[in-house]
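*Asks:* I'd like to ask you about the structure that follows.
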Amino acid sequence: SELAFERSGKLTEIVVDEGDQVQTGMVLARLDTRHLEVSRLKLQSERAAAQAKLDELEAGPRSQTVAVAEAEVRQLNARLKNLLADHSRNQQLLKRNAITSSDYEASQYEVEQQQAQLDAARSRLSELQEGTRKEQIAAQKAVVANLDASLEDNQVDLNDTVLKAPFGGRISKRYADEGTVIFPNAPLFRLVEDQRLEAHIGVPVEMAIHLKHGSQQEVGLNGKNYQSTLKAILPELDPVTRTQEVVLSLSEQAAEQLVPGQVIRIEISEPVEMQGFWLPLSSLARGERGLWSAYAVIPGKEAGEKVLEKRQLEVLHTEDNRVLVRGTLKTGDQIVADGIHKLTGNQRVVIKDRR
């Protein structure tokens, strides 16, 4: 498998080299994290300020703040009473033409202005007495949650600056050195799994349908056989070989002795119904027109005489050191097992028991 970082950055550390054995989760390389760490400090500061404001809103106004607001209302109310009294006198003076209309209107404006200030102070006092509105608290909670999400995103970016082995294996290739600027998904290592080897083998469809998941299968290489477990049968045919690919999990013994990339074969027994006779492979000699021959022992012309007769045979199946044949044979025939290159037809022989 080709291993790569999911983000770009400067390669600051390479922990492993070609040929090194690694375990699952082992750190292989690291990228520069300075910009991400500065961003994280800034986010943490903003989050602390937002949380402090939220705590203040949830706690509500302090008693000292409420007392100051109450005092302001009393002060503004007292001044309004004085202005109303002055305005009432000015109204009487205006009737006697003791003051001008401009003086009277100025008095009226002062009363209205003072009333507006008193109404505003009373509104502020009411808000303080009722506490913080739920909408304000909800809005501030949203600010804190947004900063938490930004911190999580920053942590994901920091995690992506460390490349770890997804499985145990051996580093077969390293593509870059420290100081190189890495781009996203650019291969940095090639990791080959050598602890849990799998074999992918194409078999004919008519044979694949008889295989069962989890069944034990025998595979071979260089004259040695190994045990394996059938893991999967892929659903599609290979467009070139027209075979169906099966996936086999090899045994620990095989993993210790085999190398990824070697060509391995599977041995599948296929039951076939046919009539014939099993003979040793050493009993056959190549005959004419693609047939084979063997020597049968038959009675000779004289009493007690035994001679050889060549029988033409067709090979139906070969299995290890024996063959299944059919031809001019019948049950009970005695066939020469080996050494046939020294024999000829009609040759007289003597049968001896081996003891």
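No value in this document is a laboratory result; all are computed from the given coordinates. Please read all numbers here as calculations on a predicted model, not as lab measurements. Using ideal geometry, Cβ is built from the backbone for each residue, glycine included, and neighbour counts are taken over all protein chains shown.
*Asks:* What range in the chain is the longest one free of chymotrypsin sites (Phe, Trp or Tyr not before Pro) that are in a loop by DSSP and have at most 15 other Cβ atoms within 10 angstrom?
*Replies:* Result, exposed sites excluded: 176-355.
*Asks:* Okay, moving on. Determine which aspartates and glutamates satisfy two conditions relative to LYS95: a Cα distance under 19 Å, and not lying fewer than 8 residues away in the same chain.
*Replies:* List returned: ASP86, ASP103, GLU105.
*Asks:* Let me check I have the definition right: for the chain, take the eigenvalues of the Cα gyration tensor, multiply each by 5, take square roots. What are those semi-axes in whole Å, largest first?
*Replies:* 107, 24, 16
*Asks:* Let me ask something additional. Taking the Cα centre as origin and putting +1 on Lys and Arg beta-carbons and -1 on Asp and Glu beta-carbons, what dipole magnitude results for segment 61-131, to the nearest 20 debye?
*Replies:* For segment 61-131, the charge dipole is close to 280 debye.
*Asks:* Related question: With θ set to phi - 60°, apply the Karplus curve 6.51 cos²θ - 1.76 cosθ + 1.60 along segment 23-30 and write out the HN-Hα couplings as whole Hz, x wherever there is a Gly or Pro.
*Replies:* 10, 4, x, 6, 6, 9, 7, 9
*Asks:* Of the residues VAL143, VAL307, VAL73, which exhibits the maximal mean-square fluctuation in a Gaussian network model of the chain defined by a 10 Å Cα contact cut-off?
*Replies:* Looking only at VAL143, VAL307, VAL73, the biggest GNM fluctuation is shown by VAL307.
*Asks:* Given H placed 1.01 Å from N in the peptide plane, which residues other than close sequence neighbours of PHE167 have an amide H under 5 Å from its amide H?
*Replies:* Excluding prolines and chain starts, which carry no amide H, the hits are GLY25.
*Asks:* Looking at ALA142, SER123, GLY168, which one has the Cα that reaches farthest to the positive end of the dipole of segment 99-172 (charges on Cβ: Lys, Arg +1; Asp, Glu -1)?
*Replies:* Result: GLY168, furthest along the dipole toward the positive end.
*Asks:* Another question about this same structure. Can you compute the helix-only [θ] at 222 nm over the chain? Use -39500 (n - 2.57) per DSSP H run of at least 4 residues, normalise by all residues, nearest 500 deg cm²/dmol.
*Replies:* About -12000 deg cm²/dmol.
*Asks:* While we're here: May I ask you to list the trypsin sites (Lys or Arg not before Pro) in segment 199-299 that are in a DSSP loop and have at most 15 other Cβ atoms within 10 Å of their Cβ?
*Replies:* Passing both the DSSP loop test and the Cβ count: LYS212, ARG242, ARG289.
*Asks:* So, one more: Scan segment 63-150 for trypsin sites (Lys or Arg not before Pro) in coil per DSSP, keeping those whose Cβ has at most 15 other Cβ atoms within 10 Å, and list them by number.
*Replies:* ARG96, ARG133
*Asks:* Among the listed pairs LYS10/LYS141; LYS306/LYS330; LYS81/LYS134, give every one whose C-alpha distance is greater than 26 Å.
*Replies:* Pairs exceeding the cut-off: LYS10/LYS141; LYS81/LYS134.
*Asks:* Starting at the first residue of segment 173-188, write each ³J(HN,Hα) from the Karplus equation 6.51 cos²θ - 1.76 cosθ + 1.60 with θ = phi - 60°, in whole Hz, x for Gly and Pro.
*Replies:* Ordered by residue, 3J(HN,Hα) equals 7, 10, 9, 8, 10, 4, x, 6, 7, 9, 9, x, 6, 7, x, 10 Hz.
*Asks:* Shifting gears a bit: Mind giving me the nanometre distance, one decimal, between the label points for GLU46 and ASP17, set 7 Å out from Cα along Cα→Cβ?
*Replies:* In this crude label model, GLU46 to ASP17 measures out at 4.4 nm.
*Asks:* Once Lys and Arg get +1 and Asp and Glu get -1 on their Cβ, which of ILE351, ILE182, ALA337 lies farthest toward the positive end of the dipole of the chain?
*Replies:* Looking along the dipole axis, the top candidate is ILE351.
*Asks:* Tell me, in nm to one decimal, what length is gained between ARG74 and ASN146 on full extension, where the rule is 0.36 nm per residue of separation less the Cα-Cα distance?
*Replies:* Working it through step by step, the gained length comes to 21.7 nm.
*Asks:* So how far apart, in nm, are the two label points at LEU221 and LEU84 if each is 7 Å from Cα heading toward Cβ?
*Replies:* Between LEU221 and LEU84, the simple spin-label model gives 10.4 nm.
*Asks:* Which one of PRO239, LEU284, MET207 has its Cα pushed farthest toward the positive end of the charge dipole of the chain, where Lys and Arg give +1 and Asp and Glu give -1 at the Cβ?
*Replies:* LEU284
*Asks:* Sticking with this one: Taking Cα atoms, how many degrees apart are the long axis of helix 34-59 and the longest axis of the chain, rounded to 10 and kept between 0 and 90?
*Replies:* Long axis of 34-59 versus the principal axis of the chain: about 50 degrees.
*Asks:* How high is the FRET efficiency between LEU237 and GLU198 when r is their beta carbon distance and R₀ equals 25 Å, given to the nearest 0.05?
*Replies:* Given R0 = 25 Å and the Cβ-Cβ separation, E is 0.80.
*Asks:* Okay, next question. What is the extension gain from LYS134 to PHE167, computed as 0.36 nm multiplied by their sequence separation minus the C-alpha to C-alpha distance, in nm to one decimal?
*Replies:* Using 0.36 nm per residue and subtracting the Cα-Cα distance, I get 6.8 nm.
*Asks:* Under unit Cβ charges (Lys, Arg +1; Asp, Glu -1), what dipole magnitude, rounded to 20 debye, does the chain have relative to its Cα centre?
*Replies:* The calculation lands at about 960 debye.
*Asks:* For the chain, which span is the longest to avoid every loop-located (per DSSP) member of GluC sites (Glu not before Pro) having at most 12 other Cβ atoms inside 10 Å?
*Replies:* 19-177
*Asks:* Say we join alpha carbon atoms closer than 10 Å with springs in a Gaussian network model of the chain; which of ASP157, ASP320, ASP194 then has the biggest fluctuation?
*Replies:* Of ASP157, ASP320, ASP194, the most mobile in the Gaussian network model is ASP320.
*Asks:* Could you work out how far the C-alpha centroid of segment 18-72 sits from that of segment 271-346, in angstrom?
*Replies:* Spelled out, the Cα-based centre of one part sits 90 Å from the other.
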